[in-house]
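Taken together, the values in this text are just the output of simple stated rules run on the coordinates, not laboratory data. Please read these numbers as outputs of a predicted model, since none were measured by experiment. Glycine also receives a Cβ, built like all others from the backbone with ideal geometry; neighbour counts cover every protein chain displayed.
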Amino acid sequence: MKKLLFTLSISLIALTCAVAQQMPNASFEVFETYSYFGVLEYNAPKGFAFCSNIICSSNQVDDNVTQVAGNGGGKALQMRTVETGTDTTFGYAITFKEDFSEQGFPYSAMPEFIEGDYKLDLPGGKDTAVIQMILTRYDENQQGAATIGFASKEFSLAKSAFGKFTIPITYFDVDLDGDGMADKPDTCIIYLIGGSGNVIGTTFTLDNLAFRGDGITAKVKSTTPVEELMGLSHFPNPVKEALTIKYTVTKTKPVTITILDVTGKLVQSVNEGILTENDYQAVINTSALANGVYTYTVAIGDNKMSRKFVVAGK
């Protein structure tokens, strides 16, 4: 009997180690009421408190982020593109720490995949929804977050019934403390973006988000030397008037920044010139950009890295 119990204990330990640390409220069962600067109250999934149902320009709360019936019972998160007067706004949700001090939630695992259930309704025509996840670790030397892992997927095909999605996570060989081993993250940031903002009626529904696998034993290294772009970050996100992009140059090289809209059209290009080894930040004027999802790419010499950001509140 003791031998059996010992064997079962070892098996449970092995099973526990194989299961990736999970995100809070990943099935969106808990919605809470939040206050926007003490002026407006709005409902949002716990842990994803920064949602687009705050329409600042019209000083009202719209229902483009709601709780609906989930896959096989329970609840799910629904994000819709709705008309707001003369404009439209898309649903989105971003993970935030409980004290709202910064984006993301504490996370130290290295899973292989992020997966879940989704539906996408496109009654207004072609559109694209996006899921993006970034694993970061605070870098004392750079006074900012270094990217440890990254995953992103665009959804553009209509799906009326719940289906599964799986997104592989790419890891970068980051060693901030110089111990010769790849660092684990300390924060996970998830962006859920329900459409481009251009097509009224687009509805993106998500349920049962989860991490799976052990990324430490099956790590995919980026082909981009991460030391060239390790300091890449941006704020605020969502943005209205100006986006600040921070990046690090480790060798003297030319630097350019390009911005594409959700269709892949180039909407802005900035030539930063030939820069020497240092930390830099570029302030990009986004006041002329319509509400929607955009991608910026920082190119340092031949090395490039891209991130998505959201323009909202117009």
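Remarks
- Karplus-derived 3J(HN,Hα) values for region 76-84, using 6.51 cos²θ - 1.76 cosθ + 1.60 with θ = phi - 60°, are 9, 9, 10, 10, 10, 8, 10, 8, 10 Hz; glycine and proline are entered as x.
- Over 29 Å apart at the Cα level, from the set Lys126/Lys253; Lys75/Lys153; Lys153/Lys184; Lys75/Lys184; Lys75/Lys265, are Lys126/Lys253; Lys75/Lys184; Lys75/Lys265.
- Simple spin-label estimate for Gln21 and Thr166 in nanometres, 7 Å along Cα-Cβ: 2.4
- Under Karplus coefficients 6.51, -1.76 and 1.60, residue-wise ³J(HN,Hα) of region 272-280 in Hz, glycine/proline x: 7, x, 8, 10, 8, 4, 4, 9, 10
- Length gained when the stretch Asp121-Thr33 is fully extended (0.36 nm per residue, less Cα-Cα span): 29.0 nm
- By other beta-carbon atoms within 10 Å, ranking Ser27, Ser306 with the fewest at the front produces Ser306, Ser27.
- With the simple spin-label model, which puts each label point 7 Å out from Cα in the Cβ direction, the Val267 to Ser306 separation comes to 1.5 nm.
- The local environment of Ala158, defined by Cβ-Cβ distances under 13 Å, has a net charge of +1 under the rule Lys, Arg +1 and Asp, Glu -1.
- Viscosity 1.567 mPa s, temperature 4 °C, Stokes-Einstein D of region 102-204 from Kirkwood C-alpha radius, µm²/s: 85
- Amide hydrogen neighbours beyond the local backbone of Gly47, cut-off 5 Å, H modeled: none
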